[in-house]
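The values are calculated or read from the model by the stated rules, or taken from the named source; none is laboratory data. Small disclaimer: the values here were computed from a predicted structure and weren't measured. Don't worry about glycine lacking a Cβ; one is built from the backbone with ideal geometry, like all the others, and counts go over all protein chains shown. Note: areas computed on protein heavy atoms with side chains; ligands, DNA, RNA excluded. Shrake-Rupley method; radii C 1.70, N 1.55, O 1.52, S 1.80 Å.
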Amino acid sequence: ALNIEDMDISLKDIRYTDDSYSFNFFHRSYVGLDPKGLFGLFNETTLGYSTGSARFSRGKDETLKYTDSTINQLRVGINPGIAIFIMPNVGAEVSFGVAGFTYNWEKQKKSNGEEGKRTNSGANFKINLFNINIGITVCI
């Protein structure tokens, strides 16, 4: 709660829930940098899909108001990187997200029966320093 002179703002009985599922496919190609194959560059292309639902509600009992959302997202990305093979089937790697495209579509329904929908998309074509992936890969 926030009270400033004549203004009284109270945030109670607010709840947000979100359930989502993601599926991703990727392809990775390696290019060796040394004759022994210990160091290599790679490019990873990803295709992903997410779907889920969310509910934002406020109030309770007879004052309950809510908004239900169904959310879908399609993603395509290009992630180049470098790998160092510690063992023949185990490598340490660093990759960067350099290009990507997302397409989102969402439907909403309020407790009073109002319905709405929206779509949006976005693309990026630059090295994002916050999209650095560090990991270990085990090839079977």
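In the range 39-66, how many residues are touching an Asp or Glu at 6+ places or on another chain (Cβ under 9 Å) and more than 21 Å from Ile132 (Cα to Cα)?
So the answer is 11.
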Open item on the list: Going by what's in this entry, would Leu33 be described as modelled with pLDDT of 95 or more and surrounded by 13 or more Cβ atoms within 10 Å (Cβ to Cβ)?
Closed with: no
Taking the range 1-59 and keeping residues among the aliphatic types (A, V, I, L, M) and in contact with a Lys or Arg (Cβ under 6 Å, 6 or more places away or on another chain) leaves Ile14
All conditions in (1) of a type in the set (Gly, Ala, Ser); (2) assigned to a strand (DSSP E or B); (3) on the phi > 0 side of the Ramachandran plot are true of Gly37 except (2)
Note on Thr46: of the conditions (1) open to solvent by less than 60 Å² (accessible area, probe 1.4 Å); (2) within 18 Å of Asp19 (Cα to Cα), unmet is (2)
Filter the range 76-88 for residues that are surrounded by 11 or more Cβ atoms within 10 Å (Cβ to Cβ) and of a type outside the set (Gly, Ala, Ser); the one that is nearest to Ser57 (Cα to Cα) is Val76
Restricting attention to the range 89-140, the residues that are open to solvent by 50 Å² or more (accessible area, probe 1.4 Å), among the polar types (S, T, N, Q) and assigned to a strand (DSSP E or B) number exactly 6
Flagged pairs (Cβ under 9 angstrom, 6 or more apart or on separate chains; first in the range 117-140, in contact (Cβ under 8 Å) with a residue 12 or more places away in the chain and more than 11 Å from Ser95 (Cβ to Cβ); second surrounded by 10 or more Cβ atoms within 10 Å (Cβ to Cβ) and among the basic types (Lys, Arg)) are Lys117/Lys107; Arg118/Lys107
| message | Within the range 55-74, does at least one residue satisfy the condition of being open to solvent by 80 Å² or more (accessible area, probe 1.4 Å), modelled with pLDDT of 90 or more and within 13 Å of the chain's Cα centre (by Cα)? | response | no
Result of the Cβ filter at 6 Å on the range 83-104, keeping first residues that are more than 14 Å from Phe39 (Cα to Cα) and of a type in the set (A, V, I, L, M, F, W, C) and partners that are outside any strand (DSSP E or B) and open to solvent by 30 Å² or more (accessible area, probe 1.4 Å), at least 6 apart or interchain, is Phe96/Ile127; Val98/Ile127
